[in-house]
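Written out below as structure tokens is the structure these notes cover.
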Amino acid sequence: MKLHLNTDASQLLFTGYADDHVLINGHRFDASLLLTARGVEIAPWAGLDFDALTAAHFEWVALRELDILLLGTGARLRFPHPSLTHALVDARIGLEVMDVGALCRTYNILAAEGRNVGAAVLIETCSGELSPSLRARSAEAIQSLVWRGARPSSKHFRRMTDRWPGYPRPTVSHFAKALTTTELRA
């Protein structure tokens, strides 16, 4: 579905969506992501299904200065367990859960109003296996979590690294890298 909204041309907005991707200002994203006014970041839950979300994923989001987080859970509406979202409560970030279509429409309206909103999109992959480039970007997102001071337990990293063969185990060099955001502004 294509979406249209009259607003500032430099503002990042959803321009379309389907079950396996979203369009942001006409650019296609096939991986789970976080969209804010500051840019697009590939999320550490990229390639995971809804049941694999952990508290560390929400801690990663809580490091951003948001008022509202819209969580798009795919084609179906599914609510995360409250124990997973405790970091958002501590950071005083409101959480609204919805399907991806509703997320795209709601984000565009709130962003056009100038609200401090973030859109966390969960795009589930069919095969369960990440492409090498997506595996690397997901690893960078998790490294960013550690870089910014939140230290997930080694148990969390074991779960993440055991999920896909070849997923890089965290080392000292991983902690020295910061997440680079994808800038779509010209």
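What follows draws every value from the coordinates through simple rules; no lab data is involved. As the structure is a prediction and not an experimental result, all values here were calculated from the model. Counting neighbours? That spans all protein chains shown, and the Cβs are built from the backbone with ideal geometry, glycine included.
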- Over the Cα atoms of the stretch 63-109, how large are the radius of gyration and the largest Cα-Cα distance (Dmax), in Å? 11.0, 29
- Query: Looking at the square roots a ≥ b ≥ c of the eigenvalues of the Cα gyration tensor of the stretch 14-128, which shape do they give, rounded for a/c under 1.5, prolate if a/b is larger than b/c, or oblate?
  - Reply: oblate
- What is the spin-label model distance, in nm, from Asp49 to Arg92 if the labels are put 7 Å beyond Cα along the C-beta direction? 3.9 nm
- Which order do Asp51, Asp20 fall in if you start with the one that has the fewest other Cβ atoms within 10 Å? Asp51, Asp20
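Taking the Cβ of Val100 as the center, what net charge do the other residues with Cβ under 11 Å away carry, scoring Lys and Arg +1 and Asp and Glu -1? The partial results should precede the final answer.
Details: positive: Arg76, Arg105; negative: Asp19, Asp20, Asp99, Glu124.
Taking every other residue near Val100 into account, the sum is -2.
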- Message: What does the charge count around Leu122 come to, taking other residues whose C-beta lies under 12 Å from its C-beta (Lys +1, Arg +1, Asp -1, Glu -1)?
- Response: -4
- Item | Leu84/Asp19 FRET efficiency (R0 35 Å; Cβ-Cβ; nearest 0.05) | 0.90
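Can you sort Tyr107, Tyr17 by how many other beta carbons sit within 10 Å, fewest first?
Working: Tyr107 26, Tyr17 23.
So the ranking, lowest neighbour count to highest, is Tyr17, Tyr107.
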- Gly72 neighbourhood, Cβ < 12 Å, K/R = +1, D/E = -1, net charge -1
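For Phe58, Phe29, which order do you get if you count the other beta carbons within 10 Å of each Cβ and list the fewest first?
On the way: Phe58 24, Phe29 20.
Taking fewest neighbouring Cβ atoms as first place, the list is Phe29, Phe58.
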